[in-house]
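These notes are about the structure you will find just below.
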């Protein structure tokens with residue numbers, strides 16, 4: 001991903017919920033290569049909130065990987081994902 005000119009980026013996201021879902025799919029490794037390319041090239045480089053959210057999510061996950069010795073139970077992960085999705089729907 002290139003380093004976009006942040007002064008030219010949108011300061012609000014017209015499709016915040018869909019973008020958060022796509023960001024989660026990307027960082028979870030669930031997005032296809034085409035989905036990732038489309039999102040990175042046609043949205044992330046133009047949308048400041050999504051650009052920041054992506055980099056924040058990546059940084060948080062890297063930090064958690066280095067600080068957590070064991071993986072969270074899948075049931076807990078699924079529960080958290082469901083709650084986040086519910087909150088985004090409101």
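Out of every Cα pair in the chain, what percent are spaced more than 16 Å from each other?
Counting pairs separated by more than 16 Å, the tail of P(r) holds 60 percent.
Would you kindly state how much longer the chain becomes between residue 64 and residue 78 on full extension, computed as 0.36 nm times their sequence separation minus their alpha carbon distance, in nm to one decimal? If you can, show how the numbers build up before the last one.
Details: separation 14, 0.36 × 14 = 5.04 nm, distance 1.69 nm.
Between residue 64 and residue 78, full extension yields 3.3 nm more.
We did not get these values from a lab; they are worked out from the coordinates using the rules stated. This is a predicted model, so every value here is computed, not measured.
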